[in-house]
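The values are calculated or read from the model by the stated rules, or taken from the named source; none is laboratory data. What you see is a predicted model, and the numbers here were worked out from it, not measured in a lab. Here the Cβ positions follow ideal geometry from the backbone for every residue, glycine too, while neighbour counts run over all protein chains shown.
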Amino acid sequence: MAGVVRGGQRYELRGGESVLDGLIRHGVPVSSSCRAGHCRSCLLRAENPPEEAQSGLKQTLRERGHFLACLCVPTADLILIDDDASLHTRAEIIARRVLAPDIVRLWLRPEQPLDFVPGQFVTLQRDDGLTRSYSLASLPREGWLELHIRRVAGGQMSRWLHDEVEIGTEVTLAGPFGDCYYARGRPTQPLLLAGVGTGLAPLYGIVRDALEHGHDGPVTLWQAALRPDRLYYEEELRSLTSRWPNLTYRACTREGHAARPDVVIGSLPEVMLGDLSDCAAIRAFLCGDPTLVHQLKKRLFLAGVPLGEIHADAFVPSSSPATRQ
Amino acid sequence: MSDTLFDRLGGEPAMQAAVEGFYRRMLADDRVSEFFDDVDMDRQMAKQKAFLTFVCGGPVRYTGLDMRTAHAPLLSRGLNDGHVDVVIEHLAGTLRDLGVAEAHIAEVGALAESVRADVLGR
């Protein structure tokens with residue numbers, strides 16, 4: 001009989017019993033609601049879950065082993081992946097650079113190389129326990145981990161990272177986490193990426209990952225900020241467009257006078273949507289402020305972008321220790 | 001021996017294709033779109049797909065309690081018969097787009113009607 005392995009413990013399943021029913025029978029708490037594969041409450045992760053248990057999930061979730069426990073009747077032992085038990089790695093802060101009035105870049109060197117996919121995030125824990133999550137902007141080949149930190153008004157971690165922390169300080173990283181990344185397989189598909197504020201960070205990794213792995217469809221990267229002085233990485237992004245002819249870089253700010261002639265002033269959703277064609281073919285990546293990300297996701301979907309092709313990473317501000325930022 | 005509409009439309013892949021159109025209609029309709037604000041869109045679409053599968057006679061069953069529980073929070077936000085009418089209207093529109101005959105659209109409407117009382121907590 002197949003079983004489910006969770007946290008080192010094996011739970012035997014009865015013949016034909018789903019992972020959900022089996023775990024609950026063993027007294028393991030698993031969220032559930034419809035128990036019929038529709039509500040996604042019972043979403044778990046495992047190594048190689050059966051395909052039919054991944055019905056309806058987007059490619060990135062399937063690749064990362066997400067599955068619906070209520071639909072999963074494994075024929076061999078299924079090993080669950082528990083994000084809470086992820087590896088912790090010590091890392092040294094090796095560099096800090098101011099990118100914009102409210103944004104600094106940190107480079108960290110982890111004790112051991114982190115096995116991550118561009119677009120994922122880590123949680124950074126200070127030695128007193130203060131913890132926040134940040135997206136990785138770097139690529140695995142670069143050898144350092146790059147984070148873009150926005151100064152949050154009253155924010156403990158961002159104040160520490162902006163103003164106080166000394167180069168050479170060690171922190172503890174957990175992760176990587178997250179499913180917002182470039183899944184391979186359709187290199188001619190138009191890509192649309194939009195980063196609001198430090199939402200650019202994961203996209204800087206994702207866009208280079210896509211291009212370096214042969215994506216040759218049209219790629220449009222939108223960078224958005226409140227005002228032109230908050231835009232950053234202009235030189236880096238221009239250098240990318242020189243290197244990759246299929247990459248277009250556009251910038252949009254809500255307010256202000258454009259010191260740069262290429263910056264469009266206006267509401268990002270309006271500006272982006274005005275520019276779109278062939279929506280049904282697009283794969284989109286949206287990162288940053290949750291309200292704007294959600295608004296963009298909805299507008300893009302309504303314009304015809306398939307929902308499963310919209311990868312959104314909303315930077316939810318922390319209200320408790322380990323929340324996305 | 002009758003196939004269900006679900007079978008004749010092409011089963012699960014057809015529902016996957018149809019639900020995007022159905023969900024877009026709901027999101028774009030001011031009469032009901034407020035109920036979809038601030039929801040996880042991927043989860044919401046999964047639920048819509050289940051509902052579409054159900055009304056097309058596919059392998060989804062709802063108990064009255066399921067429908068009551070799921071919609072109870074919306075009652076306090078003013079969910080009423082008018083909203084249910086809009087959903088049925090958009091179901092019909094979605095199926096028309098798929099080329100489904102009016103007689104079958106009426107059957108689907110009837111199945112949708114059968115959950116009205118539970119949805120509205122009567």
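Data overview
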read-out	value
Subset tally (residues that are on the phi < 0 side of the Ramachandran plot and exposed (fewer than 14 other Cβ atoms within 10 Å of the Cβ)) for segment A:276-310	3
Residue A:251 vs. criteria over 26 Å from residue B:28 (Cα atoms), out of contact with any strand residue (DSSP E or B) (no Cβ under 9 Å at 6 or more places or on another chain) and aliphatic (A, V, I, L, M)	no
Single residue of segment B:9-33 satisfying the filter (assigned to a loop (DSSP other than H, G, I, E, B) and touching a residue at least 40 places away in the same chain (Cβ under 8 Å)) that is nearest to the other protein chains (Cβ to nearest Cβ)	B:29
Selection count, segment B:63-122, where residues are buried (at least 18 other Cβ atoms within 10 Å of the Cβ) and either small (Gly, Ala, Ser) or at positive phi (or both)	1
Some residue of segment A:113-130 being over 29 Å from residue A:8 (Cβ atoms), away from chain B (no Cβ under 14 Å) and free of Cβ contacts under 8 Å to residues at least 12 places away in the same chain	yes
Segment A:25-57, residues that are part of a helix (DSSP H, G or I) and either touching a residue at least 24 places away in the same chain (Cβ under 8 Å) or touching a helix residue (DSSP H, G or I) at 6+ places or on another chain (Cβ under 9 Å) (or both)	A:51, A:52, A:53, A:54
Condition met for residue A:215 (more than 29 Å from residue B:21 (Cβ to Cβ) and either out of contact with any Phe, Trp or Tyr (no Cβ under 6 Å at 6 or more places or on another chain) or assigned to a loop (DSSP other than H, G, I, E, B) (or both))	no
Answer residue from segment B:34-50, given it is loosely packed, with under 15 Cβ neighbours inside 10 Å and part of a helix (DSSP H, G or I) and is nearest to the other protein chains (Cβ to nearest Cβ) among those	B:43
Residues of segment B:51-70 that turn out to be under 19 Å from residue B:80 (Cα atoms) and more than 9 Å from chain A (Cβ to nearest Cβ), as a count	4
For residue A:175: the one exception among (1) outside any helix (DSSP H, G or I); (2) at pLDDT 95 or above	(2)
Residue that is farthest from the other protein chains (Cβ to nearest Cβ), among those in segment A:261-289 that are of a type in the set (A, V, I, L, M, F, W, C) and assigned to a helix (DSSP H, G or I)	A:271
Residue that is assigned to a loop (DSSP other than H, G, I, E, B) and at pLDDT 95 or above, where the choices are A:146, A:166	A:166
Which listed residue is surrounded by fewer than 16 Cβ atoms within 10 Å (Cβ to Cβ), within 14 Å of another protein chain (Cβ to nearest Cβ) and under 19 Å from residue A:179 (Cβ atoms), from A:86, A:31	A:31
Exclusive hit being part of a loop (DSSP other than H, G, I, E, B) and within 19 Å of residue A:199 (Cβ to Cβ), set A:138, A:133	A:138
Criterion: in a helix (DSSP H, G or I), under 23 Å from the mean Cα position of the chain (by Cα), surrounded by 13 or more Cβ atoms within 10 Å (Cβ to Cβ) and not hydrophobic (A, V, I, L, M, F, W, C) - qualifying residue of A:62, A:96	A:62
Pair list, Cβ < 6 Å and 6+ apart or interchain, from segment A:290-307 residues that are at the interface with chain B (Cβ under 9 Å from one of its Cβ atoms) to residues that are of a type in the set (Gly, Ala, Ser) and part of a helix (DSSP H, G or I)	A:302/B:28; A:304/A:280
